[in-house]
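In what follows, a structure is listed as structure tokens, so that the remarks can point back to it.
Just so you know, all these numbers are worked out from the coordinates, no wet-lab data involved. Small disclaimer: the values here were computed from a predicted structure and weren't measured. Note: ideal-geometry Cβ built from the backbone for every residue, glycine included; neighbour counts use all protein chains shown.
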Amino acid sequence: MRIIGITGGIAMGKTTVSNYLATAHHLPVLDADLIAREAVEPGSPILSRIIDRYGSALLRLDGSLDRAKLGSIIFSDPTERTWLEQQIHPFVRTVLQTECDRLSQTDSTIVLVIPLLFEANMTDLVTEIWVISCPETQQIQRLMQREKLTLEQAQARIRSQMSIEEKRDRANIVLDNSTTPESLIQQVDRALNLSG
């Protein structure tokens, strides 16, 4: 059983790589971010705990979580970020484990996209770790563009994660996403074939 854990800094290309593995190589992909969104759906116990802690101002009119407002709290206060992660990470881990068990009946390779793979201590869920990397200047530019953030907001989000240097040191494979999409895809194909 091959379980590839994809991680890297925010806005470094994890989605690009996982989408390619899903579409070109037809691999099942489990995305921790999507599972984390499920964890806070209206009516969920985790959303209730969040509202108990921060108040109903964090709810949109439709009852869903205002992620931007929550982000402004947790990315400026490490204590609050830790509290939130303690609510969400166990849920994410359980879903990933359950889905891996189910998929392992039919698939020999599974891809887990876990942005906080190291920070959330989920490395035991995977058999190999791919870290996607690019220079911080590129990362900041992509993040500001994608999320419509100020420079300060982008830097706060980057600082909230383990440094990319540390992630690279702990990777089995480092994918460099500083040049072209074609170059990145070639690296993905090579990495997949290493033991495929």
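Of the residues 18, 153, 163, the one whose Cα sits farthest toward the positive end of the charge dipole of the chain, with +1 on the Cβ of Lys and Arg and -1 on the Cβ of Asp and Glu, is 153.
DSSP bridge analysis restricted to segment 2-193 gives an antiparallel fraction near 5%, rounded to the nearest 5. Residues whose amide H lies under 5 Å from that of residue 128, counting only those 5 or more places away or on a different chain, are 3, 5; hydrogens are built 1.01 Å from N in the peptide plane. Each residue of the chain gets 126 Å³ once the volume of the Cα convex hull is shared out per residue.
For residue 30, the residues 5 or more places off, or on other chains, whose built amide H falls under 5 Å of its own are 111, 112, 113. Quick check: from the Cα gyration tensor, does segment 84-196 come out rounded (a/c under 1.5), prolate or oblate? Verdict is oblate for segment 84-196. What the Cβ-Cβ distance of residue 51 and residue 148 gives, at R0 = 25 Å and to the nearest 0.05, is a FRET efficiency of 0.50. One Cα centroid belongs to segment 29-87, the other to segment 159-186; the line between them spans 27 Å.
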